[in-house]
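The values are calculated or read from the model by the stated rules, or taken from the named source; none is laboratory data. All figures in this text were calculated on a predicted structure; none of them were measured in a lab. Glycine gets a Cβ as well: all are built from the backbone with ideal geometry, and neighbour counts include every protein chain shown. Remember, those area values only see protein heavy atoms, side chains included, never the ligands or the DNA or RNA. Shrake-Rupley method; radii C 1.70, N 1.55, O 1.52, S 1.80 Å.
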Amino acid sequence: MKHFIAAAFAALALPVQAETISIATLPQGSVWNTMGNVIAASVREDGLQMVVQPYGGNLAMMQALEQDLAEFSINDINDVIAAADGIDHYQGQALSDLRVVAKLNPLPIGLYVRADSGMTEMSDLAGKRVSSGWNAFPLANSHVSALLSTGGLTYDDVVGVPVPGLIRGSDDLSSGRTDAAFFAVGGPKVAEVASSVGGVRFLKGDSDAEALERIRAIRPAFYFSEVQPADFRVGIEETMMMVTWDNVLLAGAHVPDATVKAMLTALADSAAEMGEAYPPLRAFSIDNAYVGYPGATYHPGAEAFYAERGIAQQAL
């Protein structure tokens, strides 16, 4: 029925803005949920009616796109590649209908500790308690492994404390159950934890060629980016190089080209407003949104949009 309605809109040349579309995110408090709400509010000004649907983990989000339960989602490009290949937590269930629409922004990630812990370097975590398991967010296993590798460590060098997902991992740092938690820089949860414990600090790791080789052996689209202190980057005390991925906007293969084009038009028109509402989205630029990622497929509507605007695909 959903396909029939979309086709009917196209056939009658009715505006795509008449549709109600959804964006799948992680739970409230996560970076992607915050971004999803900002995007939904911004594109409504262009007439797109978007609702935010929180899910318990990446697998559920991606399955929502695959099963036509949502039109759009936000994810780490590395997880999109894993899903398409049917590896890691997608083992035996490759998702073939995920389509990239746009690079939204680079997302530095890190392991952070209490400011009074005395730890400043990733290598200081040897023998310390670090969130592990990640049953509801298995992607974090590879991300934490990459972060630890920048300090010459693996999970075998720390004491793993099982947690289901991101929010619980940070709550455990607040309660003293762990010594370090994993989160994206700029995440609202980091600010919440900092307020509860009197301050937090992200740990520094190596970022040389050997370190880049180590993190890309874990995820092919990881890279290092320079992160500077800012009010919204709680826990960043000095300029530092951090493991980074690109957040991408995705659509299901079932989404009509016209809907994807309308979405990209709305994002281009709303870029300034999105950055004002959520500072990490200041990095979004429609001119830099078309990036070639290994193992990922773009939605044909997005390819047509970029071609019409003369935007060439950039290398990772």
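Please verify whether SER170 is at pLDDT 95 or above, of a type in the set (S, T, N, Q) and over 30 Å from PHE305 (Cβ atoms), treating the condition exactly as stated. Judged against the criteria, SER170 is a match. Looking at the range 31-41, is at least one residue in contact with a Leu (Cβ under 8 Å, 6 or more places away or on another chain) and within 17 Å of PRO138 (Cα to Cα)? Within the range 31-41, one or more residues are in contact with a Leu (Cβ under 8 Å, 6 or more places away or on another chain) and within 17 Å of PRO138 (Cα to Cα).
With respect to the conditions (1) assigned to a helix (DSSP H, G or I); (2) without any contact (Cβ under 8 Å) to a residue 60 or more places away in the chain; (3) open to solvent by less than 40 Å² (accessible area, probe 1.4 Å), LEU153 falls short on a single one, namely (1). Looking across the range 233-245, the residues that are on the phi < 0 side of the Ramachandran plot and crowded, with 16+ Cβ neighbours inside 10 Å come down to ARG233, VAL234, ILE236, MET240, MET241, MET242, VAL243, THR244, TRP245.
In the set ILE74, ILE87, ILE81, ILE109, only one residue is among the β-branched types (Val, Ile, Thr) and without any contact (Cβ under 8 Å) to a residue 40 or more places away in the chain; that residue is ILE87. Of the residues screened, ALA312 is one that is surrounded by fewer than 16 Cβ atoms within 10 Å (Cβ to Cβ) and not in a helix (DSSP H, G or I). For the range 211-232, filtered to residues that are more than 22 Å from LEU281 (Cβ to Cβ) and β-branched (Val, Ile, Thr), the residue that is least open to solvent (accessible area, probe 1.4 Å) is ILE215. Contact annotation: residue pairs with Cβ atoms under 7 Å, 6 or more positions apart or on different chains, pairing a residue in the range 225-253 that is without any contact (Cβ under 8 Å) to a residue 60 or more places away in the chain and farther than 24 Å from LEU95 by Cβ with a partner that is aromatic (Phe, Trp, Tyr) and open to solvent by less than 10 Å² (accessible area, probe 1.4 Å), are ILE236/PHE202.
Give the range 36-65 a look and list any residue that's open to solvent by less than 40 Å² (accessible area, probe 1.4 Å) and either farther than 22 Å from ALA253 by Cβ or out of contact with any helix residue (DSSP H, G or I) (no Cβ under 7 Å at 6 or more places or on another chain) (or both), or say none. Matches in the range 36-65: GLY36, VAL38, ALA40, SER42, GLY47, GLY57, ALA60, MET61, ALA64, LEU65.
Right, PRO138: open to solvent by less than 50 Å² (accessible area, probe 1.4 Å), in contact with a Lys or Arg (Cβ under 9 Å, 6 or more places away or on another chain) and not small (Gly, Ala, Ser) or not?
Criteria not met by PRO138.
The set of residues in the range 193-229 that are in contact with an Asp or Glu (Cβ under 9 Å, 6 or more places away or on another chain) and under 22 Å from LEU26 (Cβ atoms) comprises VAL193, PHE202, ARG219, ALA221. Among the residues of the range 201-209, none qualifies, meaning not one is surrounded by fewer than 22 Cβ atoms within 10 Å (Cβ to Cβ) and under 15 Å from LEU139 (Cα atoms).
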